[in-house]
Structure formats: C-alpha cells, structure tokens
Amino acid sequence: MINWVVEAFESDQDFLRTYEENFQYILADEYQDTNSAQNRLLFALSSFWGTEANIFAVGDPNQCLPGDTKIHTNLGIKEIKEIRAGDKVLSAVGKGYTSYIAVTNIFKQKKKTRFITLTTESGKQIVATNNHKMFCFIPPNEMTKHWYNYLMFKEGVGWRLGITRSLSVRLKVEIGADKIVGIACHDTEWEARCNETILSLKYQIPTIVFKLRNGKVNQEYIDRVFSEFDTYGNAQRLADDLGINLNEPHYCRDATTLGKGRTKINFLMCSRSYRSMYTKAGLLEHPEILHEINIQTSNEKVLSKLTDLGFKLRNKNIGKGFRVTSTNIKKLYEIAEALEEELPGFIDIKSSIGTNSIQHRSARVMQIGNVLVGNYLPVLDGFKIKYEKVISRTDEIKEDVVYDLEVTPSHNFVANSIVVHNSIFRFQGASKENVAAFKNRFPGHTLVTLTDNYRSTPTILNSSASLLSESPLTPIVKLKDLPVKVVKLSSPILEDEFITDIIKKKIKQGVPPREIAVIVKENKDIENLANLFKNKNLPYRLQGGTNVLHTPLVSQFLKILTVVTTLQGPVDDIDLFTILNYPFFGLNPLSVLKIGRLAHQNKKTLVDTLLDDNPELDDKVVDVFRSLVSWNSKSATLTLTDIIQVILQESGLLRHILSLTQPLIELNRFGTLFEDVKSQAAAFRGLTLAGYVFNLQLMDENNIRLEEQSLLNDEDAVTLTTAHKAKGLEWHTVFIYRFADSYWGNKAGRQMIKLPPGIVTQNTDTEDKNAEERRLFYVALTRAKQQLYLTGSTQYPGSAKMIFPSMFLEDLPKENLKKLKTKQYESRAEKILAQQLTSSPLPTLVDGEKEFLTEIIKNFKLSPTSLNTFLECPYKFKLDHLYKIPRAKAPAMCFGTAVHFALEGLYLTLNNTGKLESKEDFLRDFEAALKKEILSDKDFKDRLTHGKKVLPDYYDRYEKEFELCLFTEKKFGDSLSSQVFLDDIPLSGKADRVDLTNKEDKHVRFVDYKTGKVRTRGEIEGTTQNSDGDYKRQLIFYHLLSELDQSFKYQVVQTELDFIEPKNGEFKKERFNIQKEEVEELKGVIKDSMKEIRSLNLDRTKDTTPCQRCDFRTHCWPEGLTGKT
C-alpha cells in the first residue's frame, strides 16, 4: 500500500504537490524501524521544503558487534573499533570467493542488550547483539543428532509447534506448509517433547499437522483446532519472548507458488553465475558483485501480470520467468517489495556465499537470535568461505559499546573469521541505512541527545536509572523531592485497605483523582481493584478496560442467559438456585431455600418442583421462574439483540443498575456487552441466544477478553492500569500493587509443568530471564511525577511463591527508600477482615428462617460428612445438610459411587458364595452403576474409560487378598434398633466395609474407600500445611459410632483408608489405630459444633480458600471472590 502511494508521488509531481504543501511539520517516531517504503514516503512529503524541511525524527541506532571483534583487512587483523571509513575489509562475494571491499560508513553506540555467542567446530567464535543479521546454511536433507522445537507456518491457517531432527526435511513432508522456524535445540527427543508441551500449553499454539495425512485425522477437526486459537498472535508472543524473528525462517518451501497462491520471489545476495578461472586461493581482486531477484512460475495470471509490469519473460525449467541483477541492493529490494504487494508474493532471501565440500550452497539471511546449534555458518578457510557447524550457543545480557560497518556493494564482512551481514540494511523491517540517508539528505540537521526529564523528581529518576544500571536523566521539574515509600503488610486485604485509605486522604487533601494511579502487573488484579474501589465508593477509571465478562453484574446476567437457554434440557440446580437469589428479582431468600428443601424431600429437581402446581410454593418465585420459561420461548422468535433487551428490562436488572451510586460504570459495561451482541449478530446471521451463550463460553475457555469501552466522562477518577497500558502516561501519585517476588520479577523462571531431573527447557541466566520484567517495572516506576508507593503482602494465599518484596527492591538505592509503619492497619486487621467478609448480605438469617431451621434441626443427625462440612463452612453446611439444596453430582462423585457399588457387589458375592467374582463381572457392576448416574455422554465415556483402566489393576493387585467381610455399607443411627447419641446429639454414619480381624475377641477393622487423589499420611492426619485432617476425622467418627451403638457387639481395633486409584502405578492403603484421646477430642468438637448449629450460627467461613472450589461460590459472593483471600 505504501509503495503504491510512493510510486504515485514520484511519478506525478502535481499529485505530490497537493499533499506536501499541507505538511509543514513532520514527526517520525522510532525512525530506526522505518523500512525503505516508509522512508521514501517521508522524503517525498518533505521534498517541497528541500533541505530546510521541518522533520523531527526520533530514533535509536542499534549496532551489533562488540569493539574487540577482529576484522580481516588488507593490512591485517584489526579490532572493529579501530576501523575507519575507507578501510578495506575482507568480504564474501559469492560461491566461496572473497575480496577486499571499502567500508563506507561506521556506526557506534553504547547499549545494554542481549549478546549471543556462537562457536563452530573449529573453535571460531562470533559475538553479536540478538538482532544482528547472519548467513545461516541448513543442509537440505541432513538428519542431525539434535532435536529441534520448531514453529511451522501455513498461509491462511497459521502457526503450529513441533519437533524434528531435520528442519528442512520436516518442512518438505508437511503438506502445504510454507516455512519453518527453529526455536530451540535439544540433545534428546524427550527434552524436545517436554519443551514442545510446555510451549504449546503456555502460548496456546497447536501441535497438530495442517493437512489430513493417511486418513488418520479428520480435516474438519484439524481446521477447527486452528480456528479456535489466534496462532498468528500467539506465535509472535512466543517469538518475542525467545528473541527470534518469524520473518527469517530456517527453510522455505521449494515450490514456486506458496500458500494462498503467493509467488516466491527469490532474492539472492552476491549472486555469481560462474566460478573464477583466475584464482585458486579464493581471493579475487576486482570481482563483479551483483545481487539478483528472479521468479519462475507456470501460473498464467502471474505471468500476465509480470508482462503488464514490463518484465521480459523467458522459458524456465518450470513455466516462464525473469532474472534481474544489480549492484544496488537497495533498489533491487524495492523492486522485490513492489512485486510482493502486486502479485502477491513472498520474498525468499538467500546468499550463495559459501561452499559445502566442493559445491556452493545458498545460506539464508537471519538474525543471530534465530541461529541454533547444528546450523552452519560461513567461515574463513584461507581466503575461501566454507560452511561450518555451530556446536554451542550462549546468551548474555550486558552493557557494551557496539559497532557496525556498512560495506557496499557486498553488504557483508568477515569478523572473527566468520562472515556476518552488513546490518545497516535490514531486510523485511527496520533499516538503519535510513538513519545514514537522513543525515545525507539533510546535512544541516541538528542532533539532539536527550538528557533532561520533565516529569519526575530526582529520587524517582535515580531509582529507575539504578534499576537498569544507567545514568539518570536530569530532572527539570520543581516538585518537592519525596522518598519512594515501601509498604509491607501481612495480608492482601490489608494491602487493599492501605491503598484505598491513602487515596481517600490524598483526595481529601486536594489531589485530583485523575492524578492518582494504581499500576498492576496482570489484568486479573484490575478486576479485583475495580470491585474494591466500587465497594469503597472511590471514583475510578480503567486504562484499556477490564474483561466485562468477569465483572459481577455482567456475570450474573450471563448466568441468567445460561439458565434460560438450558430450560429445554437438564438445568443445573445450583445455577437456578443462585439466580433466584439475585437481589434484583426481589424474592424472599427463605422462600427459595424452602423450595430447595421441598425438592430434596420429593427427590425432584428444582425445575420439576417449580413446574408442580404446589400451594406451598411462593407465588413470586413461581412468577420469576415463569419469566425464565417465557424468555426461553421468546428467544426462538426474537432477534438476539431484542431478547437481550427484553431480559435486561423484565428481570429488573436495568432498574437495579440505575439505582446504584455509580450506575455509569455498570451501564458502560453492559454497553460494551451489547456492542458485542450486535457485532456477533451481524457476523453470524441468525445467531440465537443459545448460540451466543455458547460463543461466550468458548471465549472464556480460551481466555478471550471482552474489554470494557472507555468512559467519556471518567477523567476525574483514579486510574487502574497494567504496566503495559501505562506506557506514555503519568500521574502525581502512583501505587505499584502487589510488589512481590514471582510477580514483579523472577516469574520467568517458574516452570508451569514440573520436569524430570536433568530436563532443562532453556539455558538462560537469571538476569536474562528477568530482563523483560525489569524493563516493565522500570515503566511502572517512571510513571510517577512525585510520589511512589511500593505495596505488598508477606503472603498471598493464592500463590505460595508470591512473597514481599520483589527482587527489584535490592536494585533501588537504599537512601531513596522509606519504609512506612503499618501498625495502625495490622492492629485493625480483624475488623478490616470482618468488613470485607460482610460485603455480601446473604449469610444473615432472613425473616422467618429461624423458626424454620429450628424445626429442621430437631430431627437432624450429625454424620462425619456433615461435621466436616460444618467445620469447613457453616453456611455451606446450612445449604447442603439442612436445606439440602438439590444439585447434579460432579462426574468425580458419580465415579466414586459406581466404584463403591462395584466393590460392595464383589464382597457380597464373596460372602454369599465363598467365591471371588470374576474381573469381568466386577467391571460389569461398575459400568451398570455408572449408567444410573446422570452424566453427559462425554463425562460417561471418560469415567468409564478411566474405570476400565484403574479397576482391573486394582483387582489384580488385591486378588489374593480379598477375604470374607463382616459387613458392607454398614449403617449406624438409621433405625430404631440402632440409635446413636452423644449426650443429646443424634449421630449417624455409614462404613463402606467392616472386616472381622479376630473372631474370638470380636475385633474388627473399619475400611473406607477413597477415589481420587492419593493422600499422604500427613495429609490424612492434617499435619501438613494445606490439609485439615478431614479423612482422619472420619475414621475417628466411625470409631465413636461403634462405641455408642449398643447394637454393635464388636470392638474396632483398626481403621483403614483404601485408595482405589494408584499413584505412579502403586496402590496404597493407610491403617490407623485410633487412640482414646483422639475420640475424646472428637467428642468435644461434635458438642461445640452442635451447639453452634442449634444456636443458628451459620455464617460463611472467614477463610475463603475453600470458597474457590465450592458449588455455592457465586451464590455467596455475587460480587466476585477476587481480593477476598
């Protein structure tokens, strides 16, 4: 597109004049990254003013080689820092030959960046910055001893990950693929596969092939996989993190036409069509140095277009084509770029500068960051250039003075006996030649080196400069210099309280809210802060927006839509129960709870209960349910936008939003949602409400955000932003949130998947891993004009590795820091916590509930499960064991029930017949029981497959140990003859199996089956950090039941947990001898718990860690759980 404009300007001066007169001043930012077309456009627009043009170019020349790099010259070896313009340096001129070429320009700069060191088989070594261009040869058919991770590309499809021992061969066997980029080298296949899995999961890049092969994979599913992910963006993120360039592949498809009909444009540097007859040593005195572009194709449309463009076509091996040569590499590349746009095409850059044995081979041009161990570099052998294998690569972040040379027309030179590219001109992107061209075009230009800072105080500038080991800029502001304040608190809740408290004080002191910002690292914390500021009634704005799909009211609305769309099928009782408790419906919570209990008593679902014509049902609840049914019916005839509006209004949600203290925030979020509704409705004609809900679920599953639109009148508010989105902005006061290790810094080193010993995914040092984190923290620091707070907690329940302070605190000068005392917050910790936990009105008893619950509790029997639930959360106990809110069993629980049934059948058969049933009958019982459970087809298939894998191994392991048992599914406290009381507290329970261990003494062992994760003995007893001892408590409870049940004539001498699923292929049983003092302790727990239950002290737990996995989470925390831990 730019080329077309430039060509129009250059061919029609009148046309150019109509535009250039309009641009008296031109600003070009990041000038070093302009390509040739962009630079020509800049020069064209400024041509009216000649050398007096008002152009302001901001750029950073980024040279590439350290000063001690050895350069081969006609006068001997010199260090690159000693080279001067006019010196002749050794350069490759094609087909293995060399010649001395004059240096035309030299560039020098001091930089802190990544340097890469490559070593070849003969010990030759080159050190260059990550983006310095090299020549890299990949043998076309070589199978190496190394294993590579690669990214492969197919136009119109995207990128995929894979592993191979040959990058070139791998691309050739992949049907339709265009190019392959190696990204990592490993010694073993296992190491490569581990890294492939990690990268695929972390960056969401598929590993499946592009095209159906041998009928093994359905192409429809392959296409679906690639349509689900943004592999273009994800691959670029991976490339950025690894420091590689996706436009510089290791191998390109050999075909003349690539994906989507793109024609390959071959661009050859130092193209030579003959071998010299005048030298055997390899050194040429006056070589002809030409560069070439050529195309050959049989595509008639392409040939016709080439003819129209004026190219003279000749017959070729494949169809027809042309060849153009020139010493002017810049002009030639501009032709290639124009052809790339016009045809369209794909530029494939190579250079036949070296030989392999006796044949010359083409090397690819790529940055040194792309070169891997096992690749080949062109090296000097006498005066000839041969390819030599790279045997090692190391990376290092450091500061150094770096240099680069411009060598025209060959555009390469020999450094440390290795041929390197003349990086002044960079293909497919930035061109530093433009910097030199700018100086030549405008000889009267003024060079300005920035030394002053208009924004921040000396303390902030010195601290940020220290972070990057740079010299600080000179401050020119007249603000009072304040220290950086470091705030250490014992809880993230106290951290939140501190920030909001200080912000309120700042605003009260006259600081405008728009001059305050809280900077976070991750988007999820933006949502936490938004909810916090909303609850604290603080004005806030979101820089770049939050994900509206996760905001409380939008989430509630989407749950209503989910229930509406599932009314014709199985409805999740918990979802229905949750939405009926939403405040905007205006229902009596007790009425909803009573309906839940009634459903349990009648063994029906909530939907079936509400459909019954039962006079006990509250009419208002029934009316809301009928509205849900009505919306379901209307969704079949109304458009998507219309039904959304109907539900929003008729549910009372819109009225509820308008009654809020800050309705504009919620209205903006729903406005964002509605824009998405309209967008999807336009994109997918006939999209239904169910289809829209399905799309939203896909977005959520794949972490696709729906970012909130910016409010038009939210300027006078505190800004909540991520560090990435804060770039270019500034505030008087800045809080850097959650200043903890593994959050700000040290995060890159954390492995998401634990690897076996000896498997290393990347060989980089600590500084390298944290370079990007350090730069991001630098951005956050330098957003503050005057006041900067670093706040954090000594513990974050959601992450054991997040610990205050961040590693970057050590990089900040101690004299610039002031540690604030936080005693006033720590002393009020309990009160602050209570305030946080009472933000939801749900836990309190509603009118009439006390009498209703008292009646239920009169007949309530405490069991091991209900006791554990009460100890975890009294409110969950109320819903689960008093009201018994119906819900679908989780697939894992259904699996456990089926396993228990199969084991009961096995022991009953053994007791009745004296024979052990067959393995086939055992599995048949399991499958029959699983079929009785309510499961989706997928869940049933998954659980059946798992059972058929686990249970045969369990049977084989214990086949010789199965013995007659005394009881299976032994119940206590469930009949008149088996009443169990602890004082006046009725108890009940059921033991999975009771084994007779001594017939004469009537000694028995209680056995409890456990499916799921195998626990350690410490986890069972509750002695580890994250365990509560619920399993051991169950065993003690069984022991107590046996003592209190007068009809049970046996003595329990041992208890056992039998884990049905193996860990690392091994099955496990843990046995315990229950001690008298353990039983007495449990009695005390039961009495205390029952006293609380009878007193109706049934509020939510203060430890919200279990809430994350609770079915009632959205019911208890309609505003969201973020920030409560």
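Please give the helices (runs of 4 or more DSSP H) falling wholly within the stretch 551-627 in which 3 or more residues are closer than 30 Å to residue 658 by Cα and touching a residue at least 60 places away in the same chain (Cβ under 8 Å).
552-565, 573-580, 589-601
Counting only residues that are at pLDDT 80 or above and not hydroxyl-bearing (Ser, Thr, Tyr), give me the helices (runs of 4 or more DSSP H) lying completely in the stretch 823-878 with at least 2 of them.
Filter on the stretch 823-878 gives 823-826, 849-858, 864-872, 874-877.
Okay, residues lined up against (1) of a type outside the set (Lys, Arg); (2) outside any strand (DSSP E or B); (3) at pLDDT below 95:
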| site | (1), (2), (3) |
| --- | --- |
| 1070 | yes, no, yes |
| 1074 | yes, yes, yes |
| 1077 | yes, yes, yes |
| 1090 | yes, yes, yes |
| 1093 | yes, yes, yes |
| 1100 | no, yes, yes |
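So which residues in the stretch 563-583 are under 18 Å from residue 655 (Cα atoms) and either among the hydroxyl-bearing types (Ser, Thr, Tyr) or buried (at least 17 other Cβ atoms within 10 Å of the Cβ) (or both)?
579, 580, 581, 582
Within the stretch 1093-1109, can one find any residue that is touching a strand residue (DSSP E or B) at 6+ places or on another chain (Cβ under 9 Å) and surrounded by 20 or more Cβ atoms within 10 Å (Cβ to Cβ)?
Yes.
Given the criteria surrounded by 23 or more Cβ atoms within 10 Å (Cβ to Cβ) and small (Gly, Ala, Ser), does residue 417 qualify?
no
Check every one of the strands (runs of 3 or more DSSP E) wholly within the stretch 116-179 and list those with 1 or more residues that are within 20 Å of residue 231 (Cα to Cα).
By residue number, 147-154, 158-164.
Only one residue in 673, 687 is at pLDDT 80 or above, within 30 Å of residue 230 (Cβ to Cβ) and not in a helix (DSSP H, G or I), so which one is that?
Of 673, 687, the one residue that is at pLDDT 80 or above, within 30 Å of residue 230 (Cβ to Cβ) and not in a helix (DSSP H, G or I) is 687.
Taking the criterion of being within 30 Å of residue 1087 (Cα to Cα), at pLDDT below 90 and in a loop (DSSP other than H, G, I, E, B), would at least one residue in the stretch 998-1008 satisfy it?
No; the residues of the stretch 998-1008 include none that is within 30 Å of residue 1087 (Cα to Cα), at pLDDT below 90 and in a loop (DSSP other than H, G, I, E, B).
Under 7 Å between Cβ atoms, which residue pairs at least 6 apart in sequence (or on different chains) link something in the stretch 1092-1116 that is at positive phi with a partner that is crowded, with 20+ Cβ neighbours inside 10 Å?
Correct list of pairs: 1096/853.
For the stretch 944-987, what are the residues that are of a type in the set (A, V, I, L, M), surrounded by 12 or more Cβ atoms within 10 Å (Cβ to Cβ) and within 30 Å of residue 918 (Cβ to Cβ)?
Hits for the stretch 944-987 are 944, 950, 951, 966.
Give me the residue from the stretch 539-584 that is of a type in the set (Gly, Ala, Ser) and touching a Lys or Arg at 6+ places or on another chain (Cβ under 9 Å) and, out of that set, nearest to residue 644 (Cα to Cα).
545
For the stretch 313-340, which positions are touching a helix residue (DSSP H, G or I) at 6+ places or on another chain (Cβ under 9 Å) and either exposed (fewer than 14 other Cβ atoms within 10 Å of the Cβ) or among the basic types (Lys, Arg) (or both)?
Of everything in the stretch 313-340, those that are touching a helix residue (DSSP H, G or I) at 6+ places or on another chain (Cβ under 9 Å) and either exposed (fewer than 14 other Cβ atoms within 10 Å of the Cβ) or among the basic types (Lys, Arg) (or both) turn out to be 320, 330.
Give 478, 504, 432, 488 a once-over and let me know the one that is surrounded by fewer than 21 Cβ atoms within 10 Å (Cβ to Cβ) and at pLDDT below 85.
Just one listed residue meets the conditions, 478.
Which of (1) in contact (Cβ under 8 Å) with a residue 60 or more places away in the chain; (2) not in a strand (DSSP E or B) does residue 931 not meet, given it meets every other one?
Against the list (1) in contact (Cβ under 8 Å) with a residue 60 or more places away in the chain; (2) not in a strand (DSSP E or B), residue 931 comes up short only on (1).
One line per residue, one yes/no per condition, for (1) surrounded by 14 or more Cβ atoms within 10 Å (Cβ to Cβ); (2) closer than 24 Å to residue 331 by Cα; (3) in the same structural domain as residue 399 (by TED's automatic domain parsing); (4) modelled with pLDDT of 80 or more:
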{"residue": "9", "(1), (2), (3), (4)": "yes, yes, no, yes"}
{"residue": "13", "(1), (2), (3), (4)": "no, yes, no, yes"}
{"residue": "25", "(1), (2), (3), (4)": "no, no, no, yes"}
{"residue": "30", "(1), (2), (3), (4)": "no, yes, no, no"}
{"residue": "36", "(1), (2), (3), (4)": "yes, yes, no, no"}
{"residue": "51", "(1), (2), (3), (4)": "no, yes, no, no"}
{"residue": "67", "(1), (2), (3), (4)": "no, no, yes, yes"}
{"residue": "87", "(1), (2), (3), (4)": "yes, no, yes, yes"}
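Is it the case that residue 1051 is at pLDDT below 90 and either touching a strand residue (DSSP E or B) at 6+ places or on another chain (Cβ under 9 Å) or polar (S, T, N, Q) (or both)?
Criteria not met by residue 1051.
The values are calculated or read from the model by the stated rules, or taken from the named source; none is laboratory data. Everything quoted here is computed from the prediction, not taken from an experiment. No Cβ is skipped: glycine too gets one built from the backbone with ideal geometry, and neighbour counts run over all protein chains shown.
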